[in-house]
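Scroll down for the structure; my scribbles are underneath it.
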Amino acid sequence: MPYAIRLHQNGGPEVLSWEAVDLPAPAPGEATVRHHAVGLNFIDVYHRTGLYPVTLPSGIGMEGAGVVEAVGEGVSELKVGDRVAYAGGPLGAYAEVRNIPAHRLLKLPDAISFETGAAMMLQGLTAAYLLRKTYRVQAGDAVLIQAAAGGVGLIACQWARALGATVIGTVGSPAKAELAKAHGCHHVINYSTENFAQRVREITNGEGVAVVYDGVGKDTFTGSLDSLRPMGMMVSFGNASGPVPPLDLIVLSQKGSLFVTRPTLMNYTAKREDLVALGSELFDVVVSGQVRIEVNQTYALKDAAQAHRDLEARKTTGSTILLP
Ligand SMILES: NC(=O)c1ccc[n+]([C@@H]2O[C@H](COP(=O)([O-])OP(=O)(O)OC[C@H]3O[C@@H](n4cnc5c(N)ncnc54)[C@H](OP(=O)(O)O)[C@@H]3O)[C@@H](O)[C@H]2O)c1
């Protein structure tokens, strides 16, 4: 029997349990994918802790890359042997092999390895919709990207720079500042030692940025609003430091007629055509070398608990993969 990480209760990393599991034949519309690499994402932590509720028992993990081993009835776009990658539900990527709806899979270009594929799909598709759809970055825009040395951060910073933006990134340590600078940031602010909203005003000559991409959440939300130009766009897309408390809308008027959105990748890729279009933009910037995918941590899949500990302790940079 194949092995997978299962979740029987919410809690700390210790609840991630490595177990033998059944693998039925793929149902109609499904494909069986043998993973060569699995991606680690902060959303996995929210599923484990219960911040994002999951019906238990459950698999965990939303991203992987591998080879199609079988297809169910009605699957016409894929065949056995295809190299594929995916990001999104249903949960269960922390597995040696799994069944998944075929419409969630994208064919992986030959130029992209399984390791890079597993590292880039969820964080890269997120950078794609944030920069190209939620607020479409224009050349000349000043943009602020929180947690710039993280998984989404390193990809988004490189991509925003390639689009012609002035990129300001925040990080939690001097080593991460170096990394962010080497991956697209024109300016880096260490928000553990500096008032980042004040520094953003200085960098932008008092004007503020057109958009903030904030995946940190609770600790940075107010400072992010204070970094925006009038009519600027606050994109709150994550809660690494905890969820953002309720917001009194009058604050948006007082701080400059601001816009706020709280997007998720699942809505932006729910339609197959949107997933394919975003995937193609992502593959283009990676294959052309405009965006480098940095796989800075690798763990055995069965050691996923340690990977979670390191991610939550802010010890990781760039992307992390788990190897079956
Ligand atoms: N809405 C969506 O569609 C979507 C999709 C993908 C990801 N996300 C969100 O985007 C964010 C980044 O995801 P990721 O997978 O790329 O993770 P990541 O950025 O690699 O890791 C999170 C980073 O957040 C920073 N951070 C600040 N305060 C923290 C705290 N109290 N605890 C832990 N980390 C803290 C840390 O960087 P420093 O040490 O530099 O501060 C840490 O490395 C997450 O919030 C995730 O949920 C949202």
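The values are calculated or read from the model by the stated rules, or taken from the named source; none is laboratory data. Quick caveat, the model's predicted, so the values are computed rather than measured. With ideal geometry, Cβ positions are generated from the backbone for all residues, glycine too; neighbour counts draw on all protein chains shown. These accessible areas exclude ligands, DNA and RNA; they are computed on the full protein's heavy atoms, side chains included. Shrake-Rupley method; radii C 1.70, N 1.55, O 1.52, S 1.80 Å.
Rounded to the nearest percent, how much of the accessible area of the stretch 128-191 (1.4 Å probe, protein heavy atoms only) is carbon and sulfur?
Ligands and nucleic acids excluded, carbon and sulfur reach 50 percent.
Taking only protein heavy atoms into account and a 1.4 Å probe, give the accessible area per residue of the stretch 156-224 in Å².
Accessible area per residue, the stretch 156-224: 39 Å².
Taking a probe of 1.4 angstrom, what is the accessible area of Lys315 in Å², to the nearest 10?
That residue has around 140 Å² of solvent-accessible surface.
Return, for the Cα atoms of the chain, the radius of gyration and Dmax in Å, separated by a comma.
Every Cα atom of the chain included, Rg and Dmax give 19.6, 61 Å.
Under a 1.4 Å probe, what is the accessible area of the stretch 1-147 per residue, stated in Å²?
Using a 1.4 Å probe on heavy atoms only, each residue of the stretch 1-147 averages 38 Å².
Considering only Ile155, Ala31, Ile168, whose Cα is most displaced toward the positive end of the charge dipole of the chain, charges sitting on Cβ of Lys, Arg (+1) and Asp, Glu (-1)?
Working it through, the farthest residue towards the positive pole turns out to be Ile168.
Using the Cα atoms as the points, what is the convex hull volume per residue of the stretch 231-292 in Å³?
Numbers: hull volume 8.7 nm³, N = 62.
Hull volume over Cα atoms, normalised by residue count, gives 141 Å³.
Do any GluC sites (Glu not before Pro) in the stretch 154-206 lie in a loop, going by DSSP, with at most 16 other beta-carbon atoms within 10 Å of their beta carbon, and if so which? Each step should come with its number before you reach the end.
Numbers: sites: Glu178, Glu194, Glu202; in loops: Glu194.
Sparse-neighbourhood loop GluC sites (Glu not before Pro): Glu194.
How would Asp22, Asp226 line up by accessible area, probe 1.4 Å, largest first?
On the way: Asp22 125, Asp226 60 Å².
Of Asp22, Asp226, the descending order of accessible area is Asp22, Asp226.
Restricting to lysine pairs 8 or more places apart or on different chains, what number in the chain have Cα atoms under 21 Å apart?
Lysine pairs, 8 or more places apart or on different chains, close enough: 9.
I need the per residue convex hull volume for the stretch 1-115, using only the alpha carbons, in cubic angstrom as a whole number. Before the final figure, lay out each step's value.
On the way: hull volume 11.0 nm³, N = 115.
Convex hull of Cα atoms, per residue: 96 Å³.
Hey, what's the Cα Rg ratio for the stretch 75-215 versus the globular rule of thumb, 2.2 N^0.38 Å?
Numbers: Rg = 17.8 Å, N = 141, 2.2 N^0.38 = 14.4 Å.
Rg over 2.2 N^0.38 Å, computed on Cα atoms: 1.23.
Mind checking the dipole of the stretch 30-82: about its Cα centre, +1 per Lys or Arg Cβ, -1 per Asp or Glu Cβ, Debye to the nearest 20?
Details: 3 positive and 7 negative charges, 44 e Å.
Roughly 220 debye, rounded to the nearest 20.
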